[in-house]
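For reference, the structure discussed in these notes is given below.
The values are calculated or read from the model by the stated rules, or taken from the named source; none is laboratory data. Quick caveat: nothing in here was measured; it's all calculated off a predicted structure. For neighbour counting, all protein chains shown are included, and Cβ atoms are generated from backbone atoms with ideal geometry for every residue, glycine included. Areas reflect the complete protein model, heavy atoms only, side chains present, ligands, DNA and RNA absent. Shrake-Rupley method; radii C 1.70, N 1.55, O 1.52, S 1.80 Å.
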Amino acid sequence: MAPYHPPPAYPPPAGRTAAIFGILLGLPFGLPGLALGPLAYFLGRSAMSRIDSAAGTSSGRGLAVAGSVLGVVATAMGAVVSLAWLVLILVATSTTPTLG
């Protein structure tokens, strides 16, 4: 009979999920990436610190690193897309229509 292993003390980090949604929604709109990216980054960093302080009893450090890295990517993509939308809106509203 195999030895019993208790369930992990913490649920898997949610940072990776927030980062994926930030990237998927940040590509067309921008602002969700700016909102969910930092959330994913800080959730990933929090999970990494909990895993490091658990002295080898917790696993999932790779998922936590992935969440924090994807959070940075989502934030950067959200910033670039938001800036592009802002420039597009400013250019569209600043030009005066010409009558032909």
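Couple of notes before you dig in:
- Taking region 38-90 as the range and being modelled with pLDDT under 90, surrounded by fewer than 16 Cβ atoms within 10 Å (Cβ to Cβ) and of a type in the set (Val, Ile, Thr) as the test, only Thr57 passes.
- Residues of region 25-37 that turn out to be open to solvent by 70 Å² or more (accessible area, probe 1.4 Å) and either farther than 30 Å from Ser82 by Cα or in a loop (DSSP other than H, G, I, E, B) (or both), as a count: 2
- Counted residues, region 56-92 - those being closer than 14 Å to Ser46 by Cα and not charged (D, E, K, R): 12
- Region 23-56, residues that are under 30 Å from Pro6 (Cα atoms) and in contact (Cβ under 8 Å) with a residue 40 or more places away in the chain: Arg50, Ala54
- Region 1-22 residues that are farther than 18 Å from Leu34 by Cβ, paired with ones that are open to solvent by 80 Å² or more (accessible area, probe 1.4 Å) and modelled with pLDDT of 75 or more (beta carbon under 7 Å, 6 or more apart): Tyr10/Arg50
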